[in-house]
Amino acid sequence: MYFCTTTEKIFMQVFFARIWDNVKSVILEPKQFWKRQAEEGASSEHLFAKYFLPLVLLVSAAVLAGEIIRGSRFYVMFPVMKGLREMVLFLLQYVISVFLTNHLIKAFGGEKNIRAVRQLVVFSLTPFLLASVITGLFPFLYVFDALGLYGFFIFWIGVKELLTFPERKESGYSLVAILGNFFVFSFLSIFLSKLLSAFL
């Protein structure tokens, strides 16, 4: 049987502590959080693997556990497929949102910045991910899904700190990007739910 070494345990503690610190900062102090990101010029290279993906896996596990606890189905395929649906939903949302958000910048006269866009997309999805963990474990608390909308405020603040636009075009960009990403999320959510129902 394999046991974690002390070094591995410390590494895991530090790894999850960093994720938790970022989650707390972006939720509780979005303006200060984005200012630090802009000042530090933080790299987005490991943002997907070391922040976003662990949270997506947490959501998937929460949905799986919630379905098993509910015992609404007597076979394991449904909870597994539902957990995978959440994973696919957020992964597709990330890819499409990064593409859409980055390409919209030029339409509003701004300078494309893929590093900043990846940060904007990932951190603004944090409230949606946290809300999905709660509703995944306790589906009857579906009202908590509304808390995910706080992510749009995080995005709005982040645009002001990370991107550069001509005068008076910043707000228009933020509004169009938010509406576009919300439409994508809604479409993917409905489409993947229908797909899941068709297979099970």
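Read-outs throughout are calculated quantities, based only on the coordinates presented, and are distinct from any laboratory measurement. Note that the structure is predicted; figures quoted are calculated from it, not measured. All Cβ positions, glycine included, derive from the backbone under ideal geometry; neighbour counts span all protein chains shown.
Post the alpha-carbon centroid distance, the stretch 90-132 to the stretch 136-193, in whole angstrom. Comparing the Cα centres of the stretch 90-132 and the stretch 136-193, I get a distance of 9 Å.
For the chain, modelled as a GNM whose springs connect Cα atoms under 10 angstrom apart, the maximal fluctuation among 189, 60, 174 occurs at 189. Checked against a 32 Å cut-off, the cross-linked pairs 9/112; 35/106; 35/82; 31/82 give Cα-Cα distances beyond that limit for 9/112; 35/82; 31/82. Contact order for the stretch 1-159, expressed relative to its length and based on alpha carbon pairs under 8 Å spaced 6+ residues apart, stands at 27 percent. Each Lys or Arg adds one and each Asp or Glu subtracts one; over the other residues with Cβ under 13 Å from the Cβ of residue 101, this totals +4. Here the spin labels are modelled as points 7 Å beyond Cα on the Cα-Cβ line, and at residue 183 and residue 171 they lie 2.2 nm apart.
Checking every one of the trypsin sites (Lys or Arg not before Pro) in the stretch 114-192 against DSSP loop status and a limit of 10 other Cβ atoms within 10 Å picks out 168.
Counting only Cα atoms, the chain measures 58, 46, 25 Å along its principal axes, largest extent leading.
Straight-line reach from residue 24: taking Cα to Cα under 20 Å and skipping same-chain neighbours fewer than 8 places apart, the aspartates and glutamates in range are 39, 40, 145, 161. Applied to the stretch 95-108, the Karplus parametrisation 6.51 cos²θ - 1.76 cosθ + 1.60 on θ = phi - 60° returns per-residue 3J(HN,Hα) values of 4, 5, 5, 4, 4, 5, 5, 5, 6, 5, 4, 5, 4, 9 Hz, with x for Gly and Pro. Taken along the Cα-to-beta-carbon direction at a fixed 7 Å, the label points for residue 198 and residue 61 span 3.2 nm. Dividing the helix sum by the residues of the chain, where each DSSP H run of 4 or more adds -39500 (n - 2.57), gives a mean residue ellipticity at 222 nm of -25500 deg cm²/dmol. Loop-located trypsin sites (Lys or Arg not before Pro) in the stretch 10-71 (DSSP state other than H, G, I, E, B) with a sparse environment of at most 10 neighbouring Cβ atoms within 10 Å are absent.
Summing charges over all other residues whose Cβ lies under 11 Å from the Cβ of residue 32, with Lys and Arg as +1 and Asp and Glu as -1, gives 0.
Calculated FRET efficiency, residue 9 to residue 77, Cβ-Cβ distance, R0 = 35 Å: about 0.55 to the nearest 0.05.
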